[in-house]
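A quick write-up on the structure given underneath.
The values are calculated or read from the model by the stated rules, or taken from the named source; none is laboratory data. In this text the structure is predicted, and so the values were computed from the model without any measurement. Backbone-built Cβ (ideal geometry, glycine too); neighbour counts: all protein chains shown. What goes into the accessible areas is simple: the full protein's heavy atoms, side chains included, and nothing from ligands, DNA or RNA. Shrake-Rupley method; radii C 1.70, N 1.55, O 1.52, S 1.80 Å.
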Amino acid sequence: MSVGVEHYVLLSLALFCIGLFGVLTRRNALMFLMSVELMLNAANINLIAFAFYHGNLTGQVFALFTMALAAAEVAVGLGIILVLYRNFRDVDVTVPSEMRW
Amino acid sequence: MTYELIAFALFAVITLASAVGVVLLQDPWHSALLLGLALISVAVHYVMLAAEFVAMMQILVYVGGVLILIAFAVMLTQVDTEEPDEEVTRA
Amino acid sequence: METAFELAPAIVLLPLAAFVVALLFGEYMPKKGAFAGIVATAASFLLSLYVLAAVASGGEFQETYFTWAAGDALSETGETTIEFTFGILLDPLSALMLVIVTLIAFLVHVFSLGYMNDEGETGLRRYYAELGLFTFSMLGFVVADNLLMAFMFFELVGLCSYLLIGFWFRTESAPSAAKKAFLVTRFGDYFFLLGVVAIGATFGTLAFQGDGSFVAEASSAIDANETLFGFDAETWVTITGLLVLGGVIGKSAQFPLHTWLPDAMEGPTTVSALIHAATMVAAGVYLVARMFGYYALSPTSLAIIAFVGGFTALFAATMGVVKDDIKQVLAYSTISQYGYMMLGLGVGGYVAGVFHLMNHAFFKALLFLGAGAVIVLMHHEQDMWKMGGLKDKAPVTYYTFLAGALALAGIIPFSGFWSKDEILFDAIILGLEEPIFLAAYAMGLLAVFFTGFYTFRMVFLTFHGEPRSDAARDPHPIGWNIKFPLVTLGVLALVAGVANLAPVGKLTGLEITYLEFWLDGQYGGYADLTYSEYGDTVPFETTYIAGSETITLLIAAGLGLGLAVGGAVFAMVLYNVPEPVPHTENLGSARTVLRSNYYQDEYQVWLAEKFTLPLARTADRFDQSVIDGVVNGVSSVSLFGSSRMQRLQTGVVTNYAALIIAGFIALLLVLGVLGGWFV
């Protein structure tokens with residue numbers, strides 16, 4: 001039994017769900033950031049796996065872009081988290097709830 | 001073929017286990033370290049999928065950039081909550 | 001001749017200039033702007049005479065000066081364009097009316113010097129400005145060459161009368177009288193406006209004159225048996241004509257919208273003279289005369305005009321019998337006399353109606369100015385029971401007033417006799433053919449008696465007998481500026497009848513009915529606006545008593561004169577004594593009814609309070625509950641909804657993320673179900 005694309009899809013799915021679980025359950029903003037990274041990686045695995053099984057490089061190019069995006073996102077997220085911390089002395093995302101209406 | 005399968009299963013388990021660790025551990029510092037492990041094992045998956053360049057980029061960008069940034073954030077936000085404790089203990 | 005017509009706009013605009021000058025500089029001018037008005041109206045009068053002469057030498061004039069709106073129209077008669085213009089139409093009728101209006105306005109201005117300036121009134125700048133505007137409005141109305149322009153100036157006239165009636169706005173009664181005049185006439189004008197719109201929408205034109213006029217269009221529509229707005233053409237002409245008549249009834253104070261006019265006596269007496277003789281009230285009858293060709297197409301509306309006129313003539317005359325205030329008597333006589341004009345026009349007597357309009361302008365202006373002179377003499381006392389014996393102390397006032405009274409009562413040979421006789425003659429010859437008009441004639445005839453009675457009751461109470469108050473024993477002196485207009489008008493009241501001595505002409509065979517020739521366009525004028533043209537259109541046949549015109553003429557004149565003299569003699573018997581006493585008590589309960597003006601005000605107030613007010617309240621309630629309810633309902637539903645929705649917004653990022661995921665899953669499920677994944 002060889003490794004099929006469905007294995008990778010299942011792996012990607014599991015990884016994504018774990019990331020999603022992290023986003024929904026953790027209150028620490030840093031954990032948010034890390035969970036999002038996990039989800040992005042799950043998507044990347046999908047892209048690379050399909051690129052391999054289709055035999056072209058489109059998926060890989062996409063994955064590279066995703067990485068660049070993830071790097072940028074983390075940089076911005078870091079900034080936000082630091083400001084959050086400076087204002088609230090905490091990184092709990094449920095504390096700052098004034099930004100509604 | 002079987003080796004491939006074994007390799008896939010092994011690294012899949014490592015990836016998932018460390019991912020679960022990332023979201024479940026209470027200390028963000030431990031989570032960050034496990035995230036590094038998960039990212040490296042994903043890079044191994046890329047190598048197995050014949051995407052060596054992407055795997056290299058994964059290591060460079062994620063482990064070398066993103067993870068460092070996260071570690072940086074963890075340390076910056078952790079300092080203040082621990083420092084008062086230290087001060088308390090010193091006092 | 002051409003020059004005269006080119007100068008015609010100046011006739012209208014000069015009083016407007018006087019208005020502006022008096023308004024801006026009146027305070028710094030001698031006599032507070034009176035001279036501006038006097039100069040302007042005198043110049044207008046001279047120009048009007050010039051125009052009259054030009055028309056008499058065979059001219060006519062119609063010119064559009066300004067088109068302020070033009071557009072496509074979808075009229076019933078197939079006109080595809082309509083234009084709203086300001087223009088001037090000068091024909092025998094408008095030229096005659098110009099002379100009357102400018103002359104009266106001029107004399108009223110002169111009289112005002114004595115009545116207002118010399119009596120030390122305040123607010124004279126406003127007074128003269130409004131007088132100028134009033135004259136301007138009426139002149140604009142007179143020369144209007146289309147119905148919409150006529151309507152606009154008609155409204156301006158109403159506005160000016162409102163301003164002038166309320167001149168003494170610090171008193172309690174004047175503002176209320178002004179408001180009443182404004183509202184009652186506005187009620188009529190509302191129908192007028194509807195009529196203007198209806199005529200414009202039907203015929204695609206509002207011009208009075210020419211082949212494209214709405215009269216000509218209506219005539220050809222009737223001839224072609226067209227259907228207009230679902231009615232046959234004649235019915236539709238009747239309906240629109242009656243709508244316009246609504247404005248006439250309001251302005252000319254015909255029953256049932258006459259109630260404003262007696263109250264309008266709150267204004268200065270000079271203003272009353274202007275309103276009653278030449279401007280506001282005359283505007284209504286003039287409008288009927290102006291578009292007489294249109295009414296002539298519809299026997300029904302003519303009959304209604306005749307009956308409204310006849311009834312108003314009698315109705316108002318009976319009320320005038322019991323009044324104690326000299327101006328009130330004159331007010332009711334005005335209503336009554338305009339009733340005669342309407343009667344005359346309604347029975348097809350176009351010349352008779354216009355003739356009476358002219359004569360009435362002279363003698364009613366005379367009577368009002370005379371009353372003004374009496375009020376000055378009496379130190380501003382208006383109750384006739386406090387007067388008496390003024391005959392010897394103020395002979396000029398007495399004799400001119402007497403001339404006016406004789407004309408009003410219709411005693412030969414004063415002007416009023418000739419015109420009133422002609423109206424009654426026209427009514428009886430029509431009534432003999434169509435008996436229904438006999439009723440209108442009878443009312444008009446009966447009113448002659450009352451007219452004679454109240455007129456001479458007024459004369460005897462005011463001037464004869466012994467003085468009944470200190471003021472009457474020692475009257476205030478009056479100056480030339482009061483005597484001059486009185487004498488001028490007194491002479492006119494005596495001789496104006498010469499213009500159309502129809503009975504004499506018929507008896508002797510002499511061609512002396514100048515006014516008839518004049519209005520028939522024999523000296524000049526448009527062929528479609530002549531008396532004979534109207535005569536051909538009016539669908540009435542006439543007949544004579546015993547088949548002889550002469551006998552009918554003599555009987556009609558004899559009846560009218562006999563009743564007038566009878567009324568006058570009756571008044572002489574009752575009141576021409578040194579110490580007259582009120583005889584009205586002998587009338588018993590009728591006196592109460594008459595003094596209450598037949599409860600006209602009461603029933604109109606009742607109508608307003610018991611009918612209009614609840615209706616308005618119901619409409620208001622409907623508006624508040626249903627209309628506003630729907631609007632408020634929409635807003636409160638969305639308010640309530642949003643207050644619920646805002647609970648979704650917690651500010652906690654996790655919740656948003658969960659919502660996004662839930663939405664995404666729901667979307668997946670929906671797509672899955674629709675895509676048949678779960679089958």
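Considering only residues of the stretch A:48-101 that are open to solvent by 30 Å² or more (accessible area, probe 1.4 Å) and β-branched (Val, Ile, Thr), which is nearest to the other protein chains (Cβ to nearest Cβ)?
Taking the candidates together, the pick is A:Thr94.
Out of the helices (runs of 4 or more DSSP H) lying entirely within the stretch C:478-591, which hold 3 or more residues that are hydroxyl-bearing (Ser, Thr, Tyr) and in contact (Cβ under 8 Å) with a residue 60 or more places away in the chain?
C:531-537
In the stretch B:21-35, how many are more than 10 Å from every other protein chain (Cβ to nearest Cβ) and surrounded by 15 or more Cβ atoms within 10 Å (Cβ to Cβ)?
1
For C:Gly71, indicate whether it is out of contact with any helix residue (DSSP H, G or I) (no Cβ under 9 Å at 6 or more places or on another chain) and free of Cβ contacts under 8 Å to residues at least 24 places away in the same chain.
Yes: the conditions hold for C:Gly71.
Residue under question is C:Leu194, and the condition is that it be touching a Leu at 6+ places or on another chain (Cβ under 8 Å) and surrounded by fewer than 17 Cβ atoms within 10 Å (Cβ to Cβ); does it hold?
Considered against the rule, which asks whether it is touching a Leu at 6+ places or on another chain (Cβ under 8 Å) and surrounded by fewer than 17 Cβ atoms within 10 Å (Cβ to Cβ), C:Leu194 comes out as yes.
Considering every residue within the stretch C:317-335, establish whether at least one is assigned to a helix (DSSP H, G or I), under 23 Å from C:Phe153 (Cα atoms), out of contact with any strand residue (DSSP E or B) (no Cβ under 6 Å at 6 or more places or on another chain) and open to solvent by less than 10 Å² (accessible area, probe 1.4 Å).
Within the stretch C:317-335 (the criterion being assigned to a helix (DSSP H, G or I), under 23 Å from C:Phe153 (Cα atoms), out of contact with any strand residue (DSSP E or B) (no Cβ under 6 Å at 6 or more places or on another chain) and open to solvent by less than 10 Å² (accessible area, probe 1.4 Å)), the answer is yes, since at least one residue qualifies.
Only residues in the stretch A:24-47 that are more than 7 Å from chain B (Cβ to nearest Cβ) and among the small types (Gly, Ala, Ser) count as the first member; pair them with residues that are in a helix (DSSP H, G or I) and open to solvent by 20 Å² or more (accessible area, probe 1.4 Å), Cβ under 7 angstrom, at least 6 apart or cross-chain, and list the lot.
Pairs found: A:Ala29/A:Leu84; A:Ala42/A:Phe16; A:Ala43/A:Thr66.
Just the residues that are in contact (Cβ under 8 Å) with a residue 60 or more places away in the chain and surrounded by fewer than 16 Cβ atoms within 10 Å (Cβ to Cβ), please, taken from the stretch C:21-53.
Correct list: C:Glu27 only.
What's the number of the only condition in (1) open to solvent by 50 Å² or more (accessible area, probe 1.4 Å); (2) touching a helix residue (DSSP H, G or I) at 6+ places or on another chain (Cβ under 7 Å) that C:Ala568 fails to meet?
Unmet condition: (1).
Being at negative phi and part of a loop (DSSP other than H, G, I, E, B), is that true of even one residue in the stretch C:127-144?
Checked against the condition, which is being at negative phi and part of a loop (DSSP other than H, G, I, E, B), the stretch C:127-144 yields no hits at all.
Could you list, in sequence order, the residues of the stretch B:40-57 that are at the interface with chain A (Cβ under 7 Å from one of its Cβ atoms), over 16 Å from B:Ser18 (Cα atoms) and surrounded by 15 or more Cβ atoms within 10 Å (Cβ to Cβ)?
B:Tyr46, B:Leu49, B:Ala51, B:Val54, B:Met57
Quick check on C:Thr85: is it among the β-branched types (Val, Ile, Thr), open to solvent by 30 Å² or more (accessible area, probe 1.4 Å), touching a residue at least 24 places away in the same chain (Cβ under 8 Å) and within 29 Å of C:Asp520 (Cβ to Cβ)?
Spelling it out, it is not the case that C:Thr85 is among the β-branched types (Val, Ile, Thr), open to solvent by 30 Å² or more (accessible area, probe 1.4 Å), touching a residue at least 24 places away in the same chain (Cβ under 8 Å) and within 29 Å of C:Asp520 (Cβ to Cβ).
When you look at C:Phe61, is it closer than 21 Å to C:Met138 by Cα, among the hydrophobic types (A, V, I, L, M, F, W, C) and open to solvent by 30 Å² or more (accessible area, probe 1.4 Å), yes or no?
No: the conditions fail for C:Phe61.
Filter the stretch C:515-539 down to the residues that are within 20 Å of C:Leu345 (Cβ to Cβ) and open to solvent by 30 Å² or more (accessible area, probe 1.4 Å) and list them by number.
C:Glu516, C:Phe517, C:Asp520, C:Tyr526, C:Asp528, C:Tyr531, C:Ser532, C:Glu533, C:Gly535, C:Asp536, C:Thr537, C:Pro539 - these are the residues of the stretch C:515-539 that are within 20 Å of C:Leu345 (Cβ to Cβ) and open to solvent by 30 Å² or more (accessible area, probe 1.4 Å).
Testing B:Ser18 on (1) open to solvent by less than 60 Å² (accessible area, probe 1.4 Å); (2) facing chain A (nearest Cβ under 7 Å); (3) more than 16 Å from A:Ala63 (Cβ to Cβ), one condition comes back false. Which one is that?
The one condition B:Ser18 does not meet is (2).
Does the stretch A:1-18 hold any residues that are within 7 Å of chain B (Cβ to nearest Cβ) and either open to solvent by 40 Å² or more (accessible area, probe 1.4 Å) or in a helix (DSSP H, G or I) (or both), and which are they?
A:Met1, A:Ser2, A:His7, A:Leu11, A:Ala14, A:Leu15, A:Ile18
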